[in-house]
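Scroll down for the structure; my scribbles are underneath it.
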Amino acid sequence: MSEAAAVAQMQDRPSWSQYVVDLIANTQRSVREHSDISKLRFLLYPSRLLPEHARAIKKDGAGVVWL
């Protein structure tokens, strides 16, 4: 996929919302592996998240600060 196509895809709400879920999970996994999860602060505006993605993030909300 070209870089332009990847950027264009992120403008689609469902794709962006899933990207956020994946980004938070990957960040949490990395911090747990290499550091202390209590030090993580991931600031998140939930307004563009799909409801099912917000629920998925809340299942493991370590480090997530909902704004």
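Tabulated data for the structure shown
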quantity: Every residue from segment 44-65 that is outside any helix (DSSP H, G or I) and under 21 Å from Ser15 (Cβ atoms); calculated: Leu44, Tyr45, Leu49, Leu50, Val64
quantity: So Leu43, is it in contact with a helix residue (DSSP H, G or I) (Cβ under 9 Å, 6 or more places away or on another chain) and without any contact (Cβ under 8 Å) to a residue 40 or more places away in the chain; calculated: no
quantity: Residues of segment 31-47 that turn out to be closer than 21 Å to Trp16 by Cα and surrounded by 12 or more Cβ atoms within 10 Å (Cβ to Cβ), as a count; calculated: 3
quantity: Residue that is modelled with the lowest pLDDT [pool: residues in segment 2-28 that are farther than 17 Å from Lys58 by Cβ and charged (D, E, K, R)]; calculated: Glu3
quantity: Residues of segment 8-18 satisfying the condition of being hydroxyl-bearing (Ser, Thr, Tyr) and either under 17 Å from Trp66 (Cα atoms) or exposed (fewer than 12 other Cβ atoms within 10 Å of the Cβ) (or both); calculated: Ser17
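The values are calculated or read from the model by the stated rules, or taken from the named source; none is laboratory data. Quantities reported herein were computed from a predicted structural model and do not represent experimental measurements. For neighbour counting, all protein chains shown are included, and Cβ atoms are generated from backbone atoms with ideal geometry for every residue, glycine included.
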